[in-house]
Each structure stands twice: as C-alpha cells, then as structure tokens.
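Notes follow the structure.
Derivation of every value follows stated rules applied to the coordinates shown; laboratory data play no part. Note that the structure is predicted; figures quoted are calculated from it, not measured. Cβ atoms come from the backbone with ideal geometry, glycine included; neighbour counts cover every protein chain shown.
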Amino acid sequence: MNAQLNATQVFFYLPLILKPTVTPTTPPTLLASNQAHPDSLVVDSQAVYWANCGTEVRAPTDGTILAFSKSQGISQTLASGLSCPAFLKADTDSLFWSNRQWNAGVVGRFTIFRIPKSGGQPVELASYEAINGSLAVDETYVYWRGYDGVVMRLPKTGGGTPEPAPVPALVFDGPDAYWLNSSMDLIQSGKDGSSAVTLVRGSDLAKLGSLENSRVYITAIFPEPSEIYFTVFVDNYPGWLACRDQFTVLMKISKGGGEYGQVARVAGGAVTLVTEPFVYFSGYCTNGILKITLNTQTVETVVGWPESAWALADDAIYVYWADWTNGWIKRVGK
C-alpha cells in the first residue's frame, strides 16, 4: 500500500438518472413469505440467513433468525423470542447480530449475539446502550460502532473486554480497512492503522450538490478485486423528501488510488449491492429493484414496485433480497 497517495484527481459526470430499458425474462423465486419485517440477510454456499425484526413497533418479542437451505428448499428457525435483531453478519461457522431492546426513557439496550449456523443457544458477546450503524466480522473479532463514533471490537469467540479498534472501520478487505474520518474523507489503511491513505476527500464530493447547503456524503463502501466502489448520497433540499431533489451516485476508484468518478446514478437514497459486473439498487425512488451492467450501463428492472429491498446479498449465481414491507425473501439469477 502506498502511503503517499492522495485524492488529487476527481472526475464527475452526472448524466440523467438511469431509466430501465430491459425487463428480465426470468421471474424472481420466492424463498419465504409472511416474515415479520426482515431487515438484513447474508448468504453462503449452503443457505440464506436473515433476521426478522418482529411485528411490534417499540418492543417486539417475536424477532427471529432463520435459515433457508439451498439444497433442501426449506426454512429453519435458528433463534426466536428476540427483540428486533438486525445487522446480521456471518463468518464460516457462525452468525452475529445486534439485538435492540427498547427501555423506557432511554434509547434502548443493544446486545450483540453469536449463534452457530447449525442452530443452538445464542451466546451474548457484549451489551451497550446504543450502537450506531452496522457490525463487521473478520478472522478474529466482531466490530461495532457506538453512538460516540468509536468502533469497538471483541474476540468473536466471546470472553474478554471490548476494546477500541485500531481504526474506526467496519469494511475490511483482507489486510486492508476502509473508513470515513471526521471530515467524511474515504481512508484506506491497514487493519492495524498502518499506511493510511486518503483516497477521496469529502470536501471534493460537495461538487455533486447543486446548492450551497446541499448535504453530500459517502454512505457505503464496496471493495472489489481491483476497484473500490462507494455510494454518495446527495440531498439538495435537506428536510424535504423528494425524488427529484435526492439521488445516490455510485463511484469507483482504483485500489492504488488516483482518479475517481461516477459509475451509475439513481434517484433517492438507495440500498446498494455491488457485485461485478453488476450493481443493484433499491429504494423509495427506484420503483422496485434495478440491475445495472457496469460496463454497458444497461438497466433492467429486476422487480417492480411495490416490491423493494431492505437488504441485498448475493452468491455466485443469484441475488437475494429481504422485503421488509411485504415480508418476503426472494432471489433472482444474476
């Protein structure tokens, strides 16, 4: 990793928001229905796993963790009686999630659990008053971000005391970590904090907004084999919810740094999955789920409104999504 690299070249190109030009001929496959607000999912070679938040608004007690066997075509409940499990992550053997328990007069209690993919008794790893954002798992640790912005970690096997992570990262790619600093710059570093490089300056991204008070910031980071993709949310009229005033831009930069620029753009704030050579978007302004071929810009409607994805995941053959509103888990061929 070259510690001397900086974001010195920026290329912005803002075409009209992409419109669907192709409708796929293969319909999606329904894997599970009548789910109680599925809000996150992960996939491995054997199964699809997801977390159901539950049916109550403030204090659900019917949250669950489930698995759909790809070979058997059936679902199994791995954990039940939970209070809004979310941010589901996985390693080779286990699933991890944050359980939100609302308490009167405070934000709530967030407890991080682990359970074997084969099922069993959930193991409590850590409990905090608040967790801000997602979880991450690597070979050794489970990571989470507190409301104070500090990323904490704990051995994923349990035991020990949570400690601040060397860098405030929740996105890892082998030995590298990707994260945003207080200026919303995109930083690449070693997982131990070494060789930190500024890849993208947040102040440069402000050019994507059309007004002086536009809110422009990076929302997600997707390391791929040779490129780093990232999404930027642009809100030209903060406080107003309008598809014509908000959009999500997918951008990319080489892992070696240098010039970066736009790859795709959709209206509104969008859930995004990058899986080269495609990107998938879903949200309140995309009217379903869109698939864009990155090198040709061909746009397909995977599913139309009122379906939408609360979370997206993929394997070598399929893209999977959780639909919070309709309570569906579905997949479609790439």
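Taking 0.36 nm per residue of sequence separation and removing the Cα-Cα distance, the C243/T61 pair yields an extension gain of 62.0 nm. Each Lys and Arg contributes +1 and each Asp and Glu -1, all at the Cβ; summed about the Cα centre of region 147-299, the dipole is approximately 280 debye. Note on the chain: with a GNM built from Cα contacts shorter than 10 Å, the maximum mean-square fluctuation among I289, I65, I317 falls on I317. Kirkwood hydrodynamic radius (Cα pairs, Å) of region 149-246? For region 149-246, the Kirkwood estimate is 15.3 Å.
Which of S214, T301, V249 sits farthest toward the positive end of the charge dipole of region 10-333, with +1 on the Cβ of Lys and Arg and -1 on the Cβ of Asp and Glu? Positive-most Cα among the choices belongs to T301. Loop-resident trypsin sites (Lys or Arg not before Pro) (DSSP state other than H, G, I, E or B) in region 192-266 with no more than 15 further Cβ atoms inside 10 Å of their Cβ: R244.
Look at I74, I221, I115 and count the other Cβ atoms within 10 Å of each Cβ; fewest to most, that gives I74, I115, I221. Is region 184-334 best put as rounded, prolate or oblate by its Cα gyration tensor, with a ≥ b ≥ c the root eigenvalues, rounded for a/c under 1.5, and otherwise prolate when a/b is larger than b/c, oblate when not? It is oblate, given that a/c is not under 1.5 and a/b is not larger than b/c. Neighbour counts of other Cβ atoms within 10 Å put T219, T272 in the fewest-to-most order T219, T272. Between the exposed loop cleavage positions of the chain, defined as GluC sites (Glu not before Pro) in a non-H, G, I, E, B DSSP state with at most 14 neighbouring beta-carbon atoms within 10 angstrom, the longest gap is 1-128. Using a Gaussian network model of the chain in which every pair of alpha carbons under 10 angstrom is joined by a spring, one finds that among S127, S210, S71 the greatest mean-square fluctuation is at S71. Which is the longest part of the chain that has none of the chymotrypsin sites (Phe, Trp or Tyr not before Pro) sitting in a DSSP loop with at most 15 other Cβ atoms within 10 Å? With a cap of 15 other Cβ atoms within 10 Å, the longest stretch comes to 148-239.
In plain terms, the residue of M184, M251, M152 with the fewest other Cβ atoms within 10 Å comes first and the most crowded comes last, giving M184, M152, M251.
Here each label is just a point 7 Å from Cα along the line to Cβ, and for Q76 and A206 those points are 5.4 nm apart. Between P162, P238, P116, the GNM of the chain built on Cα springs shorter than 10 angstrom shows P238 fluctuating the most.
Counting Lys and Arg as +1 and Asp and Glu as -1 over every other residue whose Cβ lies under 14 Å from the Cβ of A86, the net charge comes to +3. In a reduced charge model with +1 at each Lys and Arg Cβ and -1 at each Asp and Glu Cβ, region 10-333 shows a dipole moment near 420 debye about its Cα centre.
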